[in-house]
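Here's the structure we're looking at; comments come further down.
The values are calculated or read from the model by the stated rules, or taken from the named source; none is laboratory data. Small disclaimer: the values here were computed from a predicted structure and weren't measured. Here the Cβ is made from the backbone with ideal geometry for all residues, glycine too, and neighbour counts use every protein chain on show.
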Amino acid sequence: MSTSKTISIIAPFFNEEESLPIFLDEISKVDDQTTNYNFEIIFIDDGSTDSSLNFLKKIAENNKNIIILELSRNFGKEAALTAGIDTAIGSAIIPIDVDLQDPPNLINDMIKKWESGFDIVLAKRNNRLNENLLKRLSASFFYKIYSLFVGDSKNSNVGDFRLIDRKVIDNIKNLKEKNRYMKGLLSWPGFSTSEITYTRNKRKAGKTKFTFLKLLNLGFEGITSFSILPLKFFMFIGFTGIVLSVLFAIIILLQKLLYDNFIEGYAFLILLILFFGSLQLFGIGILGEYIGKIYIETKNRPIYIIKNRYN
Ligand code: UDP
Ligand code: MG
């Protein structure tokens, strides 16, 4: 086995002063155990306002394996990950959260699977018992909808935490879109995929940086970035509506002609108007979502701005 291969760990963080020290401990243990490889640990400071960056800068002075990318503001985890991927030079890269919810001690198993020939090794959560009911329900609902629309069920219960071979990463780097749902992008090229399962722990320190609204937005982003089925779905509903209306018109006409029976229906009319009015608005909303995406893409702004690089 060659001793010069590098593995890039990519760790975006946003105000993680409580988590970073314990994360560094854990990751250096893994580094010590994995003697066949050099580790390059790329931290991306996603606009932190606490002492995270200063702490890391001090550590990095004495550790040349640590690279810090300081973004000019908070661009969001997806953008921060992208910055890390663009910078990484490793033969394999591993995105990881710094709150130890992605246990670093899985990295060795990932590497073993990679050595046995897989290009991607996913870390799959075997349960979500450590998460609250709302998050569990919404996650399972999301994955159902996602695999329905996108047709990709491999991604259920996996996060960004995975090992990805260099040749896959080079293909992912070609995906230049500005709407970045990383989990989808990381899986998009395919390649041979294996998985290991683990129990996801609670956050070791600090608080979650994702509000429910942020997650909802990310989920929406995921579906609309990888599927145009919602648009087709509305065409289907529209078409069904037309067929039903024609049938209904015939029924009304027959009732009148055969039985001289004209159906009165104020409530029914109001309901129909409300129903189809809302349905149309909903459809326009979905349309708007896609137009918004086109708008953002055409502006072609950079995904992130690196203010400083340390090491
Ligand atoms: N994170 C980031 N930028 C953000 C939000 C989060 O870099 O705008 C980082 C965060 O510091 C952590 C990882 O993304 O390392 C996952 O975030 P978090 O643990 O808060 O999410 P959760 O696990 O609760 O979904
Ligand atoms: Mg977390």
Which one of the conditions (1) under 15 Å from ILE9 (Cα atoms); (2) within 15 Å of ligand 1 (Cβ to nearest atom) does ASN132 fail to meet, given that it meets all the rest? (1)
If SER153 passes every condition in (1) of a type in the set (Gly, Ala, Ser); (2) within 23 Å of GLY288 (Cβ to Cβ); (3) surrounded by fewer than 17 Cβ atoms within 10 Å (Cβ to Cβ) but one, which one does it miss? (2)
Taking the stretch 36-62 only, how many residues are touching a residue at least 24 places away in the same chain (Cβ under 8 Å) and either surrounded by fewer than 21 Cβ atoms within 10 Å (Cβ to Cβ) or over 21 Å from ILE89 (Cα atoms) (or both)? 15
Considering (1) under 20 Å from the mean Cα position of the chain (by Cα); (2) within 16 Å of ligand 2 (Cβ to nearest atom); (3) not in a loop (DSSP other than H, G, I, E, B), say which one LEU106 fails and leave the rest. (1)
Can you tell me which residue among ILE196, ILE145, ILE223, ILE169 is in contact with a strand residue (DSSP E or B) (Cβ under 9 Å, 6 or more places away or on another chain) and farther than 19 Å from LEU100 by Cα? ILE169
With in a loop (DSSP other than H, G, I, E, B) and either at pLDDT 85 or above or more than 30 Å from ASP45 (Cβ to Cβ) (or both) as the only criterion, which of ILE263, ILE270 stands out? ILE263
Does any residue of the stretch 228-241 turn out to be in contact with a Lys or Arg (Cβ under 6 Å, 6 or more places away or on another chain), of a type in the set (A, V, I, L, M, F, W, C) and modelled with pLDDT under 85? no
Any residue at all in the stretch 125-139 that's touching a residue at least 12 places away in the same chain (Cβ under 8 Å), within 30 Å of ASN36 (Cβ to Cβ) and not aliphatic (A, V, I, L, M)? yes
Identify all residues within the stretch 29-51 that are farther than 27 Å from ALA79 by Cβ and of a type in the set (Ser, Thr, Tyr); write none if there are none. THR34, THR35, TYR37
Answer residue from the stretch 196-216, given it is assigned to a helix (DSSP H, G or I) and out of contact with any helix residue (DSSP H, G or I) (no Cβ under 9 Å at 6 or more places or on another chain) and is nearest to ligand 2 (Cβ to nearest atom) among those: LYS214
The correct count of residues that are surrounded by fewer than 17 Cβ atoms within 10 Å (Cβ to Cβ) and either modelled with pLDDT under 90 or within 22 Å of ILE27 (Cα to Cα) (or both) in the stretch 114-148 is 20
Just to be sure before I move on: is LYS77 closer than 25 Å to LYS207 by Cβ and buried (at least 19 other Cβ atoms within 10 Å of the Cβ) in the structure I sent? yes
How many residues are surrounded by 10 or more Cβ atoms within 10 Å (Cβ to Cβ) and out of contact with any helix residue (DSSP H, G or I) (no Cβ under 8 Å at 6 or more places or on another chain) if we restrict to the stretch 248-280? 21
